[in-house]
Amino acid sequence: METLKVIAGPCSAESKEQLRQVVSALANTPQVSMIRAGVWKPRTRPGGFDGIGEPALRWMHELSEEYGVRFCCEVARTEHVELCQRYDIEDVWLGARTTANPFMVEELCAALRGSTMRVMVKNPLNPDVRLWLGAIERLTQSNIEVSAAIHRGFSMYDNRGYRNEPLWEVPIELHRRMPELPLLCDPSHIAGQADLVSSVAHAAMMLYFDGLMVEVHPSPADALTDAHQQLTPGQLLAMIKELSHKVERNDTDATGNVAMLREKIDEVDNELLQLLSRRMGLSRQMAEVKRSQQMSVYQPKRWDELLYDRMAKADTLALDKEFIKEIFEKIHGESVRVQMGG
Ligand code: PEP
Ligand code: MN
């Protein structure tokens, strides 16, 4: 098995001593390939601690010489890139708020062009894979090396237990479109609380991620930012040990039961496609009938009854009601589009 790659370090660099404690605890762990530390912090509301700035880069530079470790940090402005270059920080990332903003990405492309810096790109705040792809493409078109995409979850109106919803289908789609690009998961910003970090990290490993970016602080409760979600170095090392035991990947070829089940799944998927095709054929016939009888395409009462009926049936078939609701909303939406002559 390939070794797990982990980038770990505090949400924010706070003091040289704090950084030293993290680095000295992690410097000899082969899985830890880089130390992260936020130097400029994007705060949602004004008035909070917004990062140490240049002095933190000096500490990082000194500690990297002393311990032989690589550091990385977030950049959001031209000045940040220039300062990183001054202190030999070769690896940086674009934060979620920056990826979502094409103007900022363009500005950073201009600042990074011609340098040897490697850039990681976090997903945008909202679950839009095109924005994520767009930021990566802007960088690569400027001949800037994109070393990884980082999945940190999505900010939703009604988060269900996580700080940022994982919506795994989005990074899976990014991976489908850019299979060569390493994909890291940031379980800290997804989980939002330390006791959930490990289960999110496990999920990521089962979904083919290449590694993790984890927030680690020598004394999480005293952290100036993201105090709830940071692990101690000891907790991180325990998690790495557990993950290395559990993630034994052997995905080279599908034989035996996997191949047999895949054949059956292919058969069922083909049946589903045939059924959907039949259903849309009926919608087209319905369009004719409604037109001739001057009925409107959308019939709220019928739609309400249909949805209620399908969700009730889902229950008796041990299917998740919300999942079936989403599927029928899609089917009904397509049926309406077809009947409107789309
Ligand atoms: C961070 O990594 O500390 C951070 C601010 O992340 P994000 O851009 O994912 O919110
Ligand atoms: Mn953070």
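What size of dipole, in debye to the nearest 20, comes out for the chain about its Cα centre when the only charges are +1 on Lys and Arg C-beta atoms and -1 on Asp and Glu C-beta atoms? Mind dumping the intermediate values first?
Details: 40 positive and 49 negative charges, 214 e Å.
Dipole size: approximately 1020 debye.
Within the stretch 227-335, how many Lys pairs sit with Cα atoms under 17 Å apart, leaving out pairs fewer than 8 places apart on the same chain? Present the calculation step by step, with values, prior to reporting the outcome.
Values: K290/K301; K301/K325; K313/K321; K313/K325; K321/K330.
Number of lysine pairs found: 5.
Between S15 and N159, how many nm apart are label points set 7 Å from Cα along the C-beta direction?
With each label point 7 Å from Cα toward Cβ, the separation is 2.9 nm.
Can you give me the C-alpha center-to-center distance between the stretch 112-182 and the stretch 3-19, rounded to a whole angstrom?
Cα centres, the stretch 112-182 to the stretch 3-19: 21 Å.
Compute the helix-to-body angle for 194-206: its Cα long axis versus the longest principal axis of the chain, expressed 0 to 90° and rounded to tens.
The helix 194-206 is inclined about 60 degrees to the chain.
Determine the gain in length on full extension of the stretch T78-S277; use 0.36 nm per residue of separation and subtract their C-alpha separation, reporting nm with one decimal. Walk me through the numbers before you get to the answer.
Values: separation 199, 0.36 × 199 = 71.64 nm, distance 5.23 nm.
Going from the current span to full extension adds 66.4 nm.
Could you give the length gained on full extension between Q299 and N270, defined as 0.36 nm per residue of separation minus the Cα-Cα distance, in nm?
7.4 nm
In degrees, nearest 10, range 0 to 90: what is the angle between the Cα axis of helix 256-292 and the longest Cα principal axis of the chain?
Around 50 degrees separate the two axes.
Lys/Arg Cβ at +1, Asp/Glu Cβ at -1, dipole of the chain taken about the Cα centre: which of G47, V81, V336 is farthest positive-ward?
Ranked along the dipole, the leading option is V336.
Report, to the nearest whole %, how much of the accessible area of the chain belongs to carbon and sulfur atoms, 1.4 Å probe, protein only. Please list the in-between numbers first.
Values: 9820 of 19030 Å².
Ligands and nucleic acids excluded, carbon and sulfur reach 52 percent.
Dipole of the chain (Lys/Arg Cβ +1, Asp/Glu Cβ -1, origin at the Cα centre): which of S115, L125, L184 lies farthest to the positive side?
Of the candidates, L125 comes out farthest on the positive side.
Compare the peptides 317-325, 119-127, 332-340, 76-84 by average per-residue count of other Cβ atoms within 10 angstrom and give them in order, highest first. Before the final figure, lay out the partial values.
Details: 317-325: 11.6, 119-127: 22.3, 332-340: 15.7, 76-84: 18.0.
Result, highest mean first: 119-127, 76-84, 332-340, 317-325.
At E180 and K321, where each label point lies 7 Å from the Cα along Cα→Cβ, what is the point-to-point distance in nanometres?
4.8
To the nearest 20 debye, what is the magnitude of the charge dipole of the stretch 63-221 about its Cα centre, counting +1 on the Cβ of each Lys and Arg and -1 on the Cβ of each Asp and Glu? Let's see the in-between values first.
On the way: 14 positive and 22 negative charges, 68 e Å.
It works out to roughly 320 debye.
Seen from all sides and averaged, what is the projected area of the convex hull of the Cα atoms in the chain, in nm²? All intermediate terms of the calculation are to be shown ahead of the outcome.
Values: hull surface 87.6 nm².
Mean projected area for the chain: 21.9 nm², to one decimal.
The values are calculated or read from the model by the stated rules, or taken from the named source; none is laboratory data. Please read these numbers as outputs of a predicted model, since none were measured by experiment. We place every Cβ from the backbone using ideal geometry, glycine too, and count neighbours over all the protein chains shown. Heads up: the accessible areas ignore ligands, DNA and RNA and are worked out on the full protein's heavy atoms, side chains in. Shrake-Rupley method; radii C 1.70, N 1.55, O 1.52, S 1.80 Å.
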